[in-house]
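Participant: Right, I'll just put the structure down here and ask away after.
The values are calculated or read from the model by the stated rules, or taken from the named source; none is laboratory data. All values derive from a computational prediction rather than experimental measurement. Please note: Cβ atoms are built from the backbone with ideal geometry, for glycine as well, and neighbour counts cover all protein chains shown. Heads up: the accessible areas ignore ligands, DNA and RNA and are worked out on the full protein's heavy atoms, side chains in. Shrake-Rupley method; radii C 1.70, N 1.55, O 1.52, S 1.80 Å.
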Amino acid sequence: MNINFYVTCIADALKANVAKQSVLLLEQLGCNITFLEKQGCCGQPALNSGYNKDAIPAMKNLITTFEANDYLIVAPAGSCVNAIKHYPQYLQAEPEWAARAQKVADRFHDLTDFIVNKLGVTNVGAKLNGKAVYHPSCSLFRKLGVQDEPVALLQQVEGLELLPIQNQTTCCGFGGTFSVKMAEISGEMVIEKAEHIKEVEPDYLIGADVSCLINIGGRLKREGSPIKVTTIGEVLMRRSGEMMS
């Protein structure tokens, strides 16, 4: 299957291995990857802050870029996919652009959604020994409705035991610019999330959104926790039961 890969800003600038492992995983599953070089920011930071008009140039650039072909588009971040899914709403004052946005938005998929629902795969042959907590990000779980797919993939990882925690689906407190504008509230939210994770003593914290993992992982690190933080794409590329470094 031919697909486009949308790298996202965080993966491009901060977590290159997330993008790399996601691409390698998709190739392993038989996908031919196209990377359209004119892709840029989806505009989510501006949109989250209420600067909708300022985000329009970024939205139009992304729309135009992915009109280069009609392949499905896969991204390793539910928050970016969710933002793009709402492009038609933000561009409703320009009907032509809203229609173009809808066509592009309909082709966008989170990595786990694509693997399970488009490729029909849950077992990718991954192996990782240890116990893990999966954090369902708000964008993926609530906004996109991608709830069972990440868990289905992780349940098939040989040697990995998933642990439930208290209030598993509550927000980690990041919320993009929310963590800056409401830093005190955000801080309390991630403290609570980290406490629930530490209570079950997992080896790993796994998530599908890098931004959430940076937030929770930062809190765990400041508290001296040995829990390893990693994305689901990186886990699914593991081919041995060795512990991650």
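Participant: Might you let me know whether the range 26-39 holds any residue that is of a type in the set (A, V, I, L, M, F, W, C) and within 17 Å of Ala126 (Cα to Cα)?
Facilitator: Yes; the residues of the range 26-39 include at least one that is of a type in the set (A, V, I, L, M, F, W, C) and within 17 Å of Ala126 (Cα to Cα).
Yes/no matrix, rows are residues, columns are (1) in contact with a Cys (Cβ under 9 Å, 6 or more places away or on another chain); (2) at negative phi; (3) at pLDDT 95 or above; (4) among the charged types (D, E, K, R):
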residue	(1), (2), (3), (4)
Asn167	no, no, no, no
Asp209	yes, yes, no, yes
Asn215	yes, yes, no, no
Arg219	yes, yes, no, yes
Gly241	no, yes, no, no
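Participant: Which residues, counting only those in the range 99-120, are of a type in the set (Val, Ile, Thr) and over 18 Å from the mean Cα position of the chain (by Cα)?
Facilitator: Selection gives Val104 alone.
Participant: Looking at the range 13-43 only, could you name the residues that are exposed (fewer than 15 other Cβ atoms within 10 Å of the Cβ) and either among the basic types (Lys, Arg) or closer than 20 Å to Phe174 by Cα (or both)?
Facilitator: Across the range 13-43, the qualifying residues are Ala13, Leu14, Lys38.
Participant: For the range 182-214, which positions are assigned to a helix (DSSP H, G or I) and closer than 21 Å to Leu14 by Cβ?
Facilitator: Ala183, Ser186, Gly187, Val190, Lys193, Ala194, Val210, Ser211, Cys212, Leu213, Ile214
Participant: Would the range 89-98 turn up any residue that is within 20 Å of the chain's Cα centre (by Cα) and at pLDDT 95 or above?
Facilitator: Among the residues of the range 89-98, not one is within 20 Å of the chain's Cα centre (by Cα) and at pLDDT 95 or above, which makes the answer no.
Participant: Tell me whether the range 41-56 contains one or more residues that are at pLDDT 95 or above and under 17 Å from Asp113 (Cβ atoms).
Facilitator: no
Participant: Which one is farthest from Leu128 (Cα to Cα) among residues in the range 145-161 that are in contact with a strand residue (DSSP E or B) (Cβ under 8 Å, 6 or more places away or on another chain) and open to solvent by 50 Å² or more (accessible area, probe 1.4 Å)?
Facilitator: Looking at the filtered set, the residue picked out is Gln155.
Participant: Here's another thing I want to ask about it. Consider the range 140-181. How many of its residues are part of a loop (DSSP other than H, G, I, E, B), farther than 23 Å from Val124 by Cβ and polar (S, T, N, Q)?
Facilitator: 6
Participant: Scan the range 23-66 residue by residue and report those that are within 21 Å of Gly78 (Cβ to Cβ) and among the aromatic types (Phe, Trp, Tyr).
Facilitator: Phe35, Phe66, listed by residue number.
Participant: Listed residues Ile73, Ile84; which is touching a Cys at 6+ places or on another chain (Cβ under 8 Å) and within 12 Å of Tyr6 (Cβ to Cβ)? Quick ask: steps written out before the conclusion?
Facilitator: Working: Ile73 fails: touching a Cys at 6+ places or on another chain (Cβ under 8 Å).
Just one listed residue meets the conditions, Ile84.
Participant: Can you say whether Lys181 is open to solvent by 50 Å² or more (accessible area, probe 1.4 Å) and of a type outside the set (Asp, Glu), as far as the supplied structure shows? Before the answer, list the steps.
Facilitator: Values: open to solvent by 50 Å² or more (accessible area, probe 1.4 Å): yes; of a type outside the set (Asp, Glu): yes.
The answer is yes for Lys181.
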